[in-house]
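Inspection log for the structure reproduced underneath, given as structure tokens.
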Amino acid sequence: ETVEGAEAVRVWAWLALHTTRFRHEIYSRAYGTELENLMGQPYTEALKQSEAQRYVREALEINPYISAVEDVGVDFDDGRLSISCTVRTIYGTSEVRLHV
């Protein structure tokens, strides 16, 4: 099955957020996210929230089909990170949700 348009961008975003930046030589240094750096750190909750939101935006806004990343929500719960955001693309708006 072929995925196109907004659904293809949503799949790309989901994969980008699941890929640790700088870990895999196959990907460019701009692809992926640094969310893993926040896990297990003694940062304040406010700092972790702020940095996670920044990492999500940085990971997604490199895509030329994405014009904006909005309403980024992050939740650290029992060692799991849940992320949700609205991605505005040239094809329309998509919701991205994942658990890391």
Considering segment 11-34 alone, what residues qualify as being in contact with a helix residue (DSSP H, G or I) (Cβ under 6 Å, 6 or more places away or on another chain) and either of a type in the set (Val, Ile, Thr) or farther than 21 Å from residue 51 by Cβ (or both)? 20, 33
Just checking, which of 73, 32 is more than 15 Å from residue 86 (Cα to Cα), surrounded by 14 or more Cβ atoms within 10 Å (Cβ to Cβ) and small (Gly, Ala, Ser)? 32
Which of the residues spanning segment 76-100 are more than 22 Å from residue 39 (Cβ to Cβ), surrounded by fewer than 16 Cβ atoms within 10 Å (Cβ to Cβ) and within 13 Å of the chain's Cα centre (by Cα)? 86, 95
Could you tell me whether any residue of segment 90-100 is of a type in the set (Gly, Ala, Ser), in contact with a helix residue (DSSP H, G or I) (Cβ under 6 Å, 6 or more places away or on another chain) and within 20 Å of residue 5 (Cα to Cα)? yes
Are there any pairs, at least 6 apart or on different chains, whose C-beta atoms fall under 9 Å, with the first in segment 67-85 and on the phi > 0 side of the Ramachandran plot and the second surrounded by 13 or more Cβ atoms within 10 Å (Cβ to Cβ) and among the small types (Gly, Ala, Ser), and if so, which? 71/84
Give the residues of segment 11-41 that are farther than 11 Å from residue 60 by Cβ and of a type in the set (S, T, N, Q), sorted by residue number. 19, 20, 28, 37, 41
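Readers should treat all values here as calculations from the given coordinates under stated rules, not as data from a laboratory. From a predicted model like this one, the values you see are computed outputs, not experimental measurements. Quick reminder, even Gly has a Cβ in these numbers, built from the backbone with ideal geometry, and neighbours come from all protein chains shown.
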